[in-house]
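S.K.: Can you read through this structure? Questions will come right after.
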Amino acid sequence: MLIEQTDLSGVVVLTPKRFGDARGFFCESWSRQRMAEAGFDIDWVQDNHSVSEQVGTVRGLHFQSPPHAQAKLVRCGRGALFDVAVDIRKGSPSFGKWFGTELSFENGKQLLVPAGFLHGFVTREPDTEIVYKCSDYYSPECDGAVRFDCPQIGIDWGMAGIAPVLSAKDKSAPTLDSFDSPFVYEG
């Protein structure tokens, strides 16, 4: 597996090796043993799968607060999306900074988003499937969001001329400057 570090500590792009023949391909999308050897020892407890029908569907920027904070490992099962992580750990040298990358069925990339980061994506193709692992169970009382178009973060979603398709929750999310993060940078 190719492991690419990003400018945000803990946010990593993983690209599993694909073994292909006339039938298609096989890949190992996660190996606890191999990833622990690389310094990533995460106990995944839940797998989620969503489909976004329209191009320009934005989900995020979401997080779960302690005590049910979640790390996520995100991949694209079909289609393509632009996936983003934003550091929201108080005191972090990269607080409010973001990293984004294209995840598609074709490129096979995955994004590892640690707890303490916002996560969101925008779809690039119709009927895009998003599959992701979580390190804790969903907890409605710990669920939160920050606006995807927050000017303090300034994410370039690559959506010129495309109107975002948003949930009510995402439309009403606060901006970063009016948000009190429950996460603290621990160095």
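S.K.: What dipole magnitude, in Debye to the nearest 20, does the chain give about its Cα centre under +1 on Lys/Arg Cβ and -1 on Asp/Glu Cβ?
M.R.: It comes to approximately 180 debye.
S.K.: Rounding to the nearest 20 debye, state how big the charge dipole of region 78-172 is about its Cα centre with +1 on each Lys and Arg Cβ and -1 on each Asp and Glu Cβ.
M.R.: With Lys and Arg at +1 and Asp and Glu at -1, about 280 debye.
S.K.: Accessible area per residue for region 31-95 in Å², computed with a 1.4 Å probe and the full protein assembly in place, what is it?
M.R.: Per-residue value: 46 Å².
S.K.: Can you compute the helix-only [θ] at 222 nm over the chain? Use -39500 (n - 2.57) per DSSP H run of at least 4 residues, normalise by all residues, nearest 500 deg cm²/dmol.
M.R.: -1000 deg cm²/dmol
S.K.: Would you work out which of GLY154, HIS62, LEU81 lies farthest towards the positive end of the dipole of the chain, given +1 charges on the beta-carbon of Lys and Arg and -1 on that of Asp and Glu, about the Cα centre?
M.R.: Looking along the dipole axis, the top candidate is LEU81.
S.K.: Express as a percent, rounded to the nearest 5, the fraction of DSSP beta bridges in the chain (both residues included) that run antiparallel.
M.R.: Here the share of antiparallel DSSP bridges comes out near 95 percent.
S.K.: Leaving ligands, DNA and RNA out of it, report the carbon-plus-sulfur percent of the accessible area of the chain at a 1.4 Å probe.
M.R.: 50 percent
S.K.: Just to confirm, what accessible area per residue do you get for region 97-183 at 1.4 Å probe, in whole Å²?
M.R.: Ligands and nucleic acids excluded, the result is 46 Å² per residue.
S.K.: Still on this model: Take peptides 15-26, 76-87, 141-152 and line them up by average Cβ neighbours within 10 Å, highest first, as a rough protection proxy.
M.R.: Listed from highest to lowest mean packing, they are 76-87, 141-152, 15-26.
S.K.: Moving on to the next point. Rounding to the nearest 20 debye, state how big the charge dipole of region 3-56 is about its Cα centre with +1 on each Lys and Arg Cβ and -1 on each Asp and Glu Cβ.
M.R.: Charge dipole of region 3-56: 240 debye, to the nearest 20.
The values are calculated or read from the model by the stated rules, or taken from the named source; none is laboratory data. These numbers were taken from a predicted model, which means no experiment stands behind them. Neighbour counts are summed over all protein chains in view; Cβ atoms, including those assigned to glycine, are modelled from backbone coordinates with ideal geometry. Accessible surface areas use protein heavy atoms only, side chains included; no ligands, DNA or RNA. Shrake-Rupley method; radii C 1.70, N 1.55, O 1.52, S 1.80 Å.
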